[in-house]
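Novice: Structure provided below as structure tokens; questions to follow.
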Amino acid sequence: MRISGSGTGGAYSGGGSRSDRFRKRHRPGQKVRGVLIKNLPDAMAWVDIDGERLLAQLETAHPEGSRLLFLVQQLVPRIVLKELTGGTHGNAAGALGRISDFDSARTLFENRFRPALTQAGVFGRPLPLPDFLALLAANPPIHAAYQDAANCALPLSRSLQEADKGALVYQPWLAPTGRRQATIVRHALDDSRLTETLIEFDHTRTGLTRVQFLCKTDTLSCRVQLQHPEHAQALSRYLATRTHPGTPFHIQHLGIAKLPRTSHSGILAELLFKR
């Protein structure tokens, strides 16, 4: 697939200002996501990539509004992107493709989100939801990247709900310095009053971290599992210092344990591929 920023059909010199801006933001080997805005004759289409409206020649036809994943192959003398497709069939392969789409979109968002936290001087600090929304409002490319990741989570969530395994939500503000955040919410089949929330993310020290919340009536219980449990004591001491004024729940800490090796592939793979 070739890209032109000049807006003239069939021209691939890439001398337009859109192409120049694209070159400044990207590098060969990088993955980018785009939205197909309008199909044109001769397998041409307008696509939106990181807020830049570019003319593209596609290898395969897609409906307008499709979210496509590309690999940047070269930037000069012309921009060349390779369309990345799942090419999968069947339920398991389809789920794998949806996980891959979500993971790619989530990674692209994180690569923009973390530098923005540093620039705002809040990296390493808690990030309340209002502050997260304010950051998105001030950074349209980051907002678009988050929306793309959240949209990619929707088909995965539908698959989980159809299998009675809960619902997926992408909430990166819960672990702003972590990566690969995912939230699963589900109700116990034998007790509709019991709600389980699983929050998972990668942390630089504790590795893959999974926090389980069990909520029933006025009690909220919390259990933590760490890929690297050698940090359990330090985390336990930290949690013991935390207070929660104004909460309507009686909070119980159920301890910190080692995350089983069978769970190291992540909660999504665990739920979608294990019967």
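The values are calculated or read from the model by the stated rules, or taken from the named source; none is laboratory data. Owing to the predicted nature of the structure, the values given are computational and were not obtained by experimental measurement. FYI the Cβ positions are ideal-geometry reconstructions off the backbone, even for glycines, and counts take in every protein chain you see. Note: accessible area is taken over every heavy atom of the protein model, side chains too, but ligands, DNA and RNA are not part of it. Shrake-Rupley method; radii C 1.70, N 1.55, O 1.52, S 1.80 Å.
Novice: For segment 128-140: of the residues being within 14 Å of Tyr170 (Cβ to Cβ) and in contact (Cβ under 8 Å) with a residue 24 or more places away in the chain, which is most open to solvent (accessible area, probe 1.4 Å)?
Specialist: If we take residues in segment 128-140 being within 14 Å of Tyr170 (Cβ to Cβ) and in contact (Cβ under 8 Å) with a residue 24 or more places away in the chain, then Leu129 is most open to solvent (accessible area, probe 1.4 Å).
Novice: Let me confirm something: among Arg205, Arg186, Arg180, which residue is in contact with an Asp or Glu (Cβ under 6 Å, 6 or more places away or on another chain), charged (D, E, K, R) and either farther than 30 Å from Ile49 by Cβ or without any contact (Cβ under 8 Å) to a residue 24 or more places away in the chain (or both)?
Specialist: Details: Arg205 fails: in contact with an Asp or Glu (Cβ under 6 Å, 6 or more places away or on another chain); Arg180 fails: either farther than 30 Å from Ile49 by Cβ or without any contact (Cβ under 8 Å) to a residue 24 or more places away in the chain (or both).
Among Arg205, Arg186, Arg180, only Arg186 is in contact with an Asp or Glu (Cβ under 6 Å, 6 or more places away or on another chain), charged (D, E, K, R) and either farther than 30 Å from Ile49 by Cβ or without any contact (Cβ under 8 Å) to a residue 24 or more places away in the chain (or both).
Novice: Something else now. Look at Thr183 and say whether it is closer than 27 Å to Pro126 by Cβ, in a strand (DSSP E or B), open to solvent by less than 30 Å² (accessible area, probe 1.4 Å) and of a type outside the set (A, V, I, L, M, F, W, C).
Specialist: Answer is yes for this residue.
Novice: Looking at Val224, Val211, can you tell me which residue is outside any helix (DSSP H, G or I), under 20 Å from the mean Cα position of the chain (by Cα), surrounded by 14 or more Cβ atoms within 10 Å (Cβ to Cβ) and free of Cβ contacts under 8 Å to residues at least 60 places away in the same chain?
Specialist: Unique residue meeting the criteria: Val211.
Novice: Oh, and also: Go through (1) in a loop (DSSP other than H, G, I, E, B); (2) more than 24 Å from Ser265 (Cα to Cα); (3) open to solvent by 20 Å² or more (accessible area, probe 1.4 Å) for His143 and report which single condition fails.
Specialist: (1)
Novice: Let me ask something additional. Which is closer than 17 Å to Ala257 by Cβ, in contact (Cβ under 8 Å) with a residue 12 or more places away in the chain and not in a strand (DSSP E or B), of Leu198, Leu239?
Specialist: Leu239
Novice: If you scan segment 38-52, which residues turn out to be within 21 Å of Pro140 (Cα to Cα) and open to solvent by 30 Å² or more (accessible area, probe 1.4 Å)?
Specialist: Trp46, Asp48, Asp50, Gly51
Novice: Of the residues Ala234, Ala269, which single one is part of a helix (DSSP H, G or I) and either exposed (fewer than 14 other Cβ atoms within 10 Å of the Cβ) or aromatic (Phe, Trp, Tyr) (or both)?
Specialist: Ala234
Novice: Suppose we filter Asp148, Asp164 for residues that are surrounded by fewer than 20 Cβ atoms within 10 Å (Cβ to Cβ) and of a type in the set (D, E, K, R); which single one remains?
Specialist: Only one candidate qualifies: Asp164.
Novice: If only one of Gly86, Gly16, Gly29 is within 20 Å of the chain's Cα centre (by Cα) and modelled with pLDDT under 80, which one is it? First the steps, then the outcome.
Specialist: Numbers: Gly16 fails: within 20 Å of the chain's Cα centre (by Cα); Gly29 fails: modelled with pLDDT under 80.
That would be Gly86, the only listed residue that is within 20 Å of the chain's Cα centre (by Cα) and modelled with pLDDT under 80.
Novice: Then there is this: Hey, can you tell me all the residues within segment 147-176 that are within 12 Å of Asp103 (Cα to Cα) and of a type in the set (Phe, Trp, Tyr)?
Specialist: Within segment 147-176, Tyr170 is the sole residue that qualifies.
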